[in-house]
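The values are calculated or read from the model by the stated rules, or taken from the named source; none is laboratory data. This one's a predicted model, so the numbers in the text were calculated from it and none came from an experiment. Using ideal geometry, Cβ is built from the backbone for each residue, glycine included, and neighbour counts are taken over all protein chains shown.
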Amino acid sequence: MWSGHIQALSSRWVVRFSKGRKPVSIRRNVFRLSMPVLLSSLFQRLVSIVDIFLTGGLGAAAIAATGLGQLLVFVTMTVFWGLSTGTTVVIAHLWGGGRREDAGRAAFVACLACLVMTAVCSLAGSVWGPDMARLMGAAPDVQVLAAEYTRLIFLWLIWTTGLNCLSAVMHGAGDTRTPMEAIILVNILHVLLAWPLIYGRLGMPALGVKGAAIAINTSEFVGFAYLLIQALRKKCITFSRPDIPLFGRIWRVGWPVALERIAQQSGQLFYSSFIIGYGTTAYAAHQIGLSIESLSFMPGAGMGIAAATLMGQSLGAGKIRRARISHAEALRMAVGVMTVMALVFFFAPHYLMGLFTHDPDVIEKGGVFLRLVAFAQVPLAVSFVYAGSLRGTGDTFYVFIVTLVAMWGIRVALSWVAASWLHLSLYMVWGVFLIDWYFRGAAFAWRYRRRDLHSVVL
């Protein structure tokens, strides 16, 4: 049903608004912008996946501890994702309108805001982050390992947030390749450092999960330095007095995204606490499954960022027709790629789980999780691209409201009823996320089709 609707919608827009070879050139632009973002997202997620993979040899407790630490970082990053989205959209509008100097000043004030926000979050995370595993009900051995990992990650959070902010600046300017190069560099260094630091190879001490955290911090520092040098060289940042009105525009777009991410990640935290209640094996399967599932997010996320950037640049230049065609092309490509991912998850789940662990119970439970994930791939693609296009128009508050209702009104509420009241199986609790994503896809599509692009003003 979804794929037929998407193909029809995409074809209708392309036929209705295209002339000559314009759809082909726009398709190339979508591909040019989205592929580096896709690869950047893939490699960025691989940093976390590699940690889960490498700590797998230390046992289920290490997997659970690493996963909890990563989840806390994702929750913390919610505010920064709001800042980065606002930065990308505002810079894209300014860049599309030919206002390069203003775009550079917007980038500078965004970087200053990122620095201040990171100082606050780093302090809070270092002090209170290690206690979260206990509050979530993790076993004592998981709490000890999670505390080691979390404290180090938050101490050097600036490299993570800096990468995020500078990538947003360059995305708004239409340069997605350079952030991709930075994150590839991060991954190469991370792999070279993580294995010897975790297991004590090549003359290095065996630090376990602490070694994984050190590897992340070191590699992200190098990636941040590379991206900063490139941003300055390409004149994406203009040093000036902080432009408060420009920051106001960024934050007007970004604060609903921050709330959206808070709703998403805090809800995910509560949702994970229900899974922990089914035991360490269940949570290990859940965490590995999420790591594998996150690979399928990359095409949709890449197309979503491309849609937001092209939408912003097109509207900034007053090219409404081009904005609509860009959206249709991004949507078509996302649905096609994620349909392939659905087939992989459905027909080869146990093989994918076996790449991360040899525990038969974890593999069995994780296989069911991935088969459920297969049915969410098309609505995920729809949600990512429609949400990206809506953000490109500045309509971030609606995206926040839908996310809040979907995560807390559907996923958390129904999981609570299923796990705590009805005491249903783990698989029933997992299945709730399907309702969540189908609702989001329908709600975002409905909003976009009623959005008047001619009236968009940031």
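Here are a few things to note about the model shown:
- Residue within region 298-320 that is within 30 Å of residue 278 (Cα to Cα), assigned to a helix (DSSP H, G or I) and touching a helix residue (DSSP H, G or I) at 6+ places or on another chain (Cβ under 7 Å) present: yes
Yes/no per residue for (1) under 29 Å from residue 259 (Cα atoms); (2) under 23 Å from the mean Cα position of the chain (by Cα); (3) not polar (S, T, N, Q):
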position: 301; (1), (2), (3): yes, yes, yes
position: 312; (1), (2), (3): yes, yes, yes
position: 339; (1), (2), (3): no, yes, no
position: 366; (1), (2), (3): no, yes, yes
position: 369; (1), (2), (3): yes, yes, yes
position: 377; (1), (2), (3): yes, yes, no
position: 382; (1), (2), (3): yes, yes, yes
position: 391; (1), (2), (3): yes, yes, yes
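A quick yes/no check of all residues on (1) surrounded by fewer than 20 Cβ atoms within 10 Å (Cβ to Cβ); (2) modelled with pLDDT under 80:
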{"site": "110", "(1), (2)": "no, no"}
{"site": "120", "(1), (2)": "yes, no"}
{"site": "124", "(1), (2)": "yes, no"}
{"site": "141", "(1), (2)": "yes, yes"}
{"site": "144", "(1), (2)": "yes, no"}
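- Only one entry of 257, 209, 222, 253 meets the criterion of being surrounded by 20 or more Cβ atoms within 10 Å (Cβ to Cβ), in contact with a helix residue (DSSP H, G or I) (Cβ under 7 Å, 6 or more places away or on another chain) and more than 29 Å from residue 135 (Cα to Cα), and that entry is 253.
- Every listed requirement among (1) outside any helix (DSSP H, G or I); (2) without any contact (Cβ under 8 Å) to a residue 60 or more places away in the chain; (3) in contact with a Leu (Cβ under 7 Å, 6 or more places away or on another chain); (4) of a type outside the set (Ser, Thr, Tyr) is met by residue 242 save one, (2).
- For region 73-104, taking the residues that are of a type in the set (A, V, I, L, M) and surrounded by fewer than 24 Cβ atoms within 10 Å (Cβ to Cβ), the one that is nearest to residue 269 (Cα to Cα) is identified as 75.
- Of 123, 145, all but one fail to be of a type outside the set (Gly, Ala, Ser), in contact (Cβ under 8 Å) with a residue 60 or more places away in the chain and part of a helix (DSSP H, G or I); the exception is 145.
- Residue 267 vs. criteria in a helix (DSSP H, G or I) and touching a residue at least 40 places away in the same chain (Cβ under 8 Å): yes
- From the options 294, 240, 326, 314, residue that is within 14 Å of residue 393 (Cα to Cα), touching a Lys or Arg at 6+ places or on another chain (Cβ under 8 Å) and of a type outside the set (A, V, I, L, M): 314
- Applying the set (1) free of Cβ contacts under 8 Å to residues at least 40 places away in the same chain; (2) under 17 Å from the mean Cα position of the chain (by Cα) to residue 334 leaves exactly one unmet item: (1).
Condition check ((1) among the aliphatic types (A, V, I, L, M); (2) at negative phi) across all residues:
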site: 423; (1), (2): no, no
site: 431; (1), (2): no, yes
site: 442; (1), (2): yes, yes
site: 447; (1), (2): no, yes
